[in-house]
Amino acid sequence: MFRKLAGIVIATLFLSLHLFAGSAAAIELSEEIRTVPLNDKGDDIVISLKQVKDGKRLFGQACADCHLGGVTKTNQNVGLDPETLALASPSRDNIEGLVDYMKNPTTYDGEIEISELHPSTKSADIFTEMRNMSEEDLEAIAGHILLQPKILGKRWGGGKIYF
């Protein structure tokens, strides 16, 4: 009986410490780290800790199957790293550009609309994970994408080298 009780207490302590450590990691993200480009006019925005948390969760639900670690499984030449996003047409290295893409995806050169091939709010009937995404959800996902290079460095979008 004592062993069972001791095991439950130890498991409870372990899980409590794990939860505390997980939430402490988000608190460690300074305002400077959470500052990301808002648009291509040079404006910046500080994403909230709630957006950080929501963005990670939503990215995991809707995007990570094809973009785990910031890579693109279907085209290894196009990742979610800042350099690649900046060279897209239109530029996708800011919140507004990424939200626009999640609403109306196009090829990397911006020439062809690809909502039948890429999840978007426009194609929510085909890609059900996008069906209930709000503007705030899309902004949180965009914030997550732009925050990861600051946290993971070159590993974000680094491809097979890191995964």
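Some values worked out for this structure:
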| read-out | value |
| --- | --- |
| Ranked order, Arg34, Arg131 - accessible area, probe 1.4 Å, largest first | Arg131, Arg34 |
| For segment 19-122: accessible area per residue (Å², 1.4 Å) | 60 Å² |
| Accessible surface, 1.4 Å probe, highest first, among residues Asp93, Asp44, Asp125, Asp81 | Asp125, Asp44, Asp93, Asp81 |
| Glu83 accessible area, assembled protein chains, probe 1.4 Å, Å² | 100 Å² |
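The values are calculated or read from the model by the stated rules, or taken from the named source; none is laboratory data. These figures come from a predicted structure and were not determined experimentally. What goes into the accessible areas is simple: the full protein's heavy atoms, side chains included, and nothing from ligands, DNA or RNA. Shrake-Rupley method; radii C 1.70, N 1.55, O 1.52, S 1.80 Å.
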